[in-house]
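Worksheet: the structure to be examined is printed underneath.
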Amino acid sequence: MLDLTGPTLPVATCARRLEPTGLAIGSGDVDLAARISWHGPAHLGTELGSEATVQARCGLMHLHGRDLGRPRRIGLEVASVAAGLLAAQGTLAALVGRARGLSVAAVETSVLQAGLMLASHFVAASTGTEEWVPAPPGPAPGPPFRTADGHWFEIETLEPEAWKAFWFHLGVEGSELGRAWALFRARYYQSSCSLATGMHEATARQTLAEISSVAEECHVSLVPVRLPSEVLAHPGWSSGFPAVEPWPRAHDTGSGEGAPANPRGRLPLEGIRVVEATTRMQGPLAGLLLQMLGAHVIKVEPPGGDFGRIVPPLAGDTGSFFLCFNRGKETAQLDLAKPSGRSALVELVADADVFLHNWRPGKAAEWSLDAADLLKANPRLVYTEASGWGDVEHERPLIGTDFLVQAYAGLGATIQPEGKPPFPTRVIVVDFAGALIGAEGALRGLYQRERTGRGAKVETSLLQGAMALQDHVLAALARGGEAPGRSAGRPVWGPLDQPVPAADGLVVLTVEHDTDLERLCRILELEVDRHAAGHVEQLVCERLATRPSVHWEEKLTEAGIPCTAQAHAEDLAAMAHDPRSAHLFEPLAGSMLVPKTPWCFS
């Protein structure tokens, strides 16, 4: 039996991830315990927590609000869902470790540690040796862009000439395009993108069909921003799980011999060898998670090194994002465009347990490095593919990147409250969730291999990550209902559901029920009128503005109301050095700090 404890949503997410493996979820004679807390080992002086207070503590609200210059809450429970995914991964890793002779009784993680992992690359940049000054908010946040017929859409291209051609066809002056391209490219590490108003005016003069035609002509990927109702109208909307296919399909040619028993150390994947041929964030972070669980990871890079090594912001002479996601990995430089490089990769994989890649569709087959090829060399291999779109087919090829997948999956709507445009979050939550799904897929393959002696082909994608983040919202809609606090899948927030001004900054609190509001009003010595909740909440906001945020954090948490002070919400470096949570980080490359492993095994 597996005993799960912790906040409701993370536990439900963890249970849902583990049920397909055949594990029994319950209590009684506990065989393995998985615990999810709000804050883990952070010394916050309280066990009270909520999705909102965690988003505030780990900097997610600040990052999400950079476009507008003020902290904003992400409308999905991204940290809570991520904690559930991490708990499921820790459990799977523990089971793999136990099958290989390691004694593991329990695994722990927390919502705060999950949130810190989500913000880790931004924390790395803010604490690195190069001064990092994010672009200030501008007059017109975007993309997405709005068309003359009322549609919103996202675009993506990796080529500056395609970008310039697209906007030139829409009538935008060339003098604006150079700076706009730099801002557009930087949105992945700036967590903001404010473009010239003329670009929004240009798209507002034409229909979606006209702009789509221009995008196709200029080889720019374009995806309309869908609403939850549109997502649910298509089959396969709930496919937020990695596809794990036993290999070989027809019969078992594996030797049945596993890794050496009784691996040294206390991490469950000690002795597991991973070969990773990935770039950007999704694949490298998936490999890092496996390494944090104890695996030895060999990262395959092209001659001269991964391009991410020179992508700013830099820590010394290396990109901080690259260092954050690839720290501690062994490196092998191979030219996979040449037969000799591909042969060397096959030799590496022959002794590996997991092969992980995020090549563009068709590249593995073109190089004769797909699952069928590599599993011939190593029948016990867990071949893991991390793509953008998975098996979803579009009318024309689309780049599989975070913001396009957000648009297609409907996240722009599920994270933004009613009445607001369906804008995405720049926190690149889909890349992060895609990495979690990639690591989960590899772990599922390893767990299956330990039980069957057979290797596996595993397919994961950014789209599966996006669907996992909002599974609880879409599932409620599909049943004809609503997740709590939502309408048509979108958050419904009052004044207290977002950061509230205090005398010296902001305070974030959680009031979920009428009884919570009544208790809050008693603490603030306010009269409660049950029939005028909005008016009462406004009075609460006015009272909170009279005292410092730290005062309210202490007073409200003592009274049982989750609350956190945000006197300096914009300073990620200060958060990493906060004595209450500094021990959750470890140094890397000079002054750079990155979150430690989010699991504790006992």
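Would the range 259-272 turn up any residue that is at pLDDT 95 or above and not in a loop (DSSP other than H, G, I, E, B)? The answer is no, given that none of the residues of the range 259-272 is at pLDDT 95 or above and not in a loop (DSSP other than H, G, I, E, B). Among the candidates Ala83, Ala106, Ala79, the residue that is surrounded by fewer than 22 Cβ atoms within 10 Å (Cβ to Cβ) and small (Gly, Ala, Ser) is uniquely Ala106.
Return the residues of the range 452-487 that are touching a strand residue (DSSP E or B) at 6+ places or on another chain (Cβ under 7 Å), at pLDDT 95 or above and part of a helix (DSSP H, G or I); say none if nothing qualifies.
Here is the first cut: in the range 452-487, the ones touching a strand residue (DSSP E or B) at 6+ places or on another chain (Cβ under 7 Å) are 452, 454-461, 473, 485.
From what's left, at pLDDT 95 or above: 455-461, 473.
Across the range 452-487, the qualifying residue is only Val473.
Any chance the range 206-213 includes a residue that's modelled with pLDDT of 95 or more and under 26 Å from Asp335 (Cβ atoms)? No, the range 206-213 contains no residue that is modelled with pLDDT of 95 or more and under 26 Å from Asp335 (Cβ atoms). Regarding Leu95, is this residue part of a helix (DSSP H, G or I) and either hydroxyl-bearing (Ser, Thr, Tyr) or over 30 Å from Thr318 (Cα atoms) (or both)? For Leu95, the condition - part of a helix (DSSP H, G or I) and either hydroxyl-bearing (Ser, Thr, Tyr) or over 30 Å from Thr318 (Cα atoms) (or both) - is met. Looking at Arg580, Arg522, just one residue is out of contact with any strand residue (DSSP E or B) (no Cβ under 9 Å at 6 or more places or on another chain), basic (Lys, Arg), surrounded by fewer than 18 Cβ atoms within 10 Å (Cβ to Cβ) and part of a loop (DSSP other than H, G, I, E, B), and that residue is Arg580. For the range 173-213, a residue qualifies if it is under 18 Å from Thr425 (Cβ atoms) and hydrophobic (A, V, I, L, M, F, W, C), and the qualifying residues are Leu183, Phe184, Ala186, Cys193, Leu195.
Against the list (1) in contact with a Phe, Trp or Tyr (Cβ under 6 Å, 6 or more places away or on another chain); (2) surrounded by fewer than 24 Cβ atoms within 10 Å (Cβ to Cβ), the condition Ala365 fails is (1). Sort out for me the strands (runs of 3 or more DSSP E) sitting completely within the range 277-391 that have 3 or more residues that are polar (S, T, N, Q). Answer list for the range 277-391: none. Close Cβ contacts (under 7 Å, 6 or more residues apart or on different chains) running from residues in the range 138-164 that are touching a residue at least 60 places away in the same chain (Cβ under 8 Å) to residues that are of a type in the set (D, E, K, R) and assigned to a strand (DSSP E or B) comprise Pro143/Glu154; Pro144/Glu154; Trp152/Arg146. Please indicate, with yes or no, whether at least one residue in the range 393-410 is in contact with a Lys or Arg (Cβ under 6 Å, 6 or more places away or on another chain) and at positive phi. There is at least one residue in the range 393-410 that is in contact with a Lys or Arg (Cβ under 6 Å, 6 or more places away or on another chain) and at positive phi. Taking the residues in the range 180-231 that are hydroxyl-bearing (Ser, Thr, Tyr) and part of a strand (DSSP E or B) as candidates, determine which candidate is farthest from Ala468 (Cα to Cα). Out of the qualifying residues, it is Ser194.
Can you spot a residue in the range 449-467 that is surrounded by fewer than 24 Cβ atoms within 10 Å (Cβ to Cβ), in contact with a helix residue (DSSP H, G or I) (Cβ under 7 Å, 6 or more places away or on another chain) and of a type in the set (Val, Ile, Thr)? No - not one qualifying residue is present in the range 449-467.
The values are calculated or read from the model by the stated rules, or taken from the named source; none is laboratory data. What you are looking at is a predicted structure, and each value in this text was computed from that prediction instead of being measured. FYI the Cβ positions are ideal-geometry reconstructions off the backbone, even for glycines, and counts take in every protein chain you see.
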